[in-house]
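Undergrad: Sharing a structure, written as structure tokens. Questions coming.
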Amino acid sequence: MQADFAVELGRDDDTLEMPWEAPDGILRYYDLKREPEALAHIEEATRWMELREFLIAVNAQASMLESAKCDAWSTSALNPEEEIFGVPWKFGSYVDLLISDPTVRFSFEKHETFLKHLTGLLKVVPEIPASAEFCLRRCFYHEGETVREGYYVTLYIFGFGGDESHARKQWGIALKLVSAAITQLSSRHLAL
């Protein structure tokens with residue numbers, strides 16, 4: 001599995017407001033770490049069991065992370081760098097992740113250290129047609145009347161296959177591998 005991370009802190013790069021809510025108010029942030037029953041409100045988690053299992057694991061009390069947003073999709077439109085897998089389909093998702101410890105959310109160095117450890121673990125897993133990219137980005141945490149600038153991580157994870165079904169299977173395996181790596185780092189507190 002290919003695994004890497006990037007830092008995206010430029011003025012035009014994506015950011016996240018926490019907590020967030022869509023302008024129409026229909027989609028919004030659910031605190032799955034403290035209210036796991038709210039998973040029933042996450043449409044993507046009801047459509048894709050693999051993503052549901054990942055969200056349960058990443059929001060577990062033992063995990064050092066929690067989720068903020070997610071989505072999943074399939075496509076036959078590959079980027080040039082994805083053509084190395086030699087197959088026409090990919091199934092992918094993104095999950096925005098926050099470090100649960102509020103004192104760490106504002107440390108660039110600790111986020112970077114965490115991502116180095118995480119991608120290091122993933123680079124030694126068995127080779128499968130899948131990729132995981134972590135993007136370190138700026139997050140604006142609303143705390144009452146104040147807003148503090150910190151960080152979050154977007155995980156993009158893709159499985160590749162000869163058809164949509166096989167791509168989804170590889171995506172599900174990749175989600176389990178990332179979940180296992182997060183669990184390992186969380187249990188040993190190696191990341192920070």
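Undergrad: Fewest first, what order do Thr119, Thr154 take by the number of other Cβ atoms within 10 Å?
TA: Thr119, Thr154
Undergrad: Another question, then. Over the Cα atoms of the stretch 2-188, Rg to Rh with Kirkwood Rh, two decimal places?
TA: 0.95
Undergrad: Which longest run of the chain has no exposed loop site in it, a site being GluC sites (Glu not before Pro) in a DSSP loop with at most 13 other beta carbons within 10 Å, and the site itself not part of the run?
TA: 1-126
Undergrad: Connecting C-alpha atoms closer than 10 Å in a GNM of the chain, tell me which of Pro88, Pro36, Pro80 has the biggest fluctuation.
TA: Pro80
Undergrad: When the convex hull of the C-alpha atoms of the stretch 112-192 is computed, what volume per residue in Å³ does it have?
TA: Given the Cα convex hull of the stretch 112-192, per-residue volume reads 114 Å³.
Undergrad: Please report the relative contact order for the chain, taking Cα pairs under 8 Å with a sequence separation of at least 6, and give it as a percent rounded to a whole number.
TA: Worked out over the chain, it gives 29 percent.
Undergrad: Here's something else I'd like to know. Sequence-distant or interchain residues sharing an amide H contact under 5 Å with Trp20, placed H: which?
TA: Sorted by chain and number, the residues that satisfy this are Tyr29.
Undergrad: Skipping prolines and chain starts, which residues have an amide H placed within reach, meaning under 5 Å, of the one on Phe5, given they are 5 or more residues away or on another chain?
TA: Phe134
Undergrad: Let me ask something additional. In what sequence do Tyr94, Tyr152 fall when counting other Cβ within 10 Å, fewest first?
TA: Starting with the residue having the fewest Cβ neighbours, the order is Tyr94, Tyr152.
Undergrad: A further question on this structure: Give the angle, between 0 and 90 degrees and rounded to the nearest 10, that separates the Cα long axis of helix 108-122 from the longest principal axis of the Cα atoms of the chain.
TA: Helix 108-122 sits roughly 20 degrees off the main axis of the chain.
Undergrad: Follow-up question, since we're still on this one. Taking the DSSP beta bridges in the chain as the whole, what percent of them are antiparallel, to the nearest 5?
TA: 75
Undergrad: Please list, in chain and number order, the residues 5+ apart from Leu65 or on another chain whose amide H is under 5 Å from its amide H, with Hs placed from the backbone.
TA: Here Ser100 satisfy the definition.
Undergrad: For the chain, modelled as a Gaussian network with Cα springs under 10 Å, which listed residue fluctuates most, Ile42, Ile84, Ile26?
TA: Between Ile42, Ile84, Ile26, it is Ile26 that shows the largest mean-square fluctuation.
Undergrad: Could I ask something else about it? In terms of Cα to Cα distance under 21 Å, which lysines are near enough to Lys116, apart from those fewer than 8 places away along the same chain?
TA: Cross-link targets: Lys176.
Undergrad: Roughly how tilted is helix 49-58, in degrees to the nearest 10 and between 0 and 90, from the longest Cα axis of the chain?
TA: 40
Undergrad: Restrict the search to the stretch 9-49; then list the chymotrypsin sites (Phe, Trp or Tyr not before Pro) that DSSP places in a loop and that have at most 16 other Cβ atoms within 10 Å of their Cβ.
TA: Listed in order of number, the matching sites are Trp20.
Undergrad: Could you work out how far helix 164-188 tilts from the main Cα principal axis of the chain, as a 0 to 90 degree angle to the nearest 10?
TA: 40
Undergrad: Calculate one ³J(HN,Hα) per residue across the stretch 127-140 by plugging θ = phi - 60° into the Karplus curve 6.51 cos²θ - 1.76 cosθ + 1.60, and present them in order as whole Hz with x for glycine and proline.
TA: Residue by residue, the stretch 127-140 yields 6, 9, x, 7, 9, 9, 10, 10, 10, 7, 9, 7, 10, 10 Hz.
A short reminder: the numbers here are calculations on the coordinates, not readings from a lab. Nothing here was measured: the structure is a model prediction, and the numbers come from that model. Every residue, glycine as well, gets a Cβ built from its backbone with ideal geometry; the counts of neighbours run over all protein chains shown.
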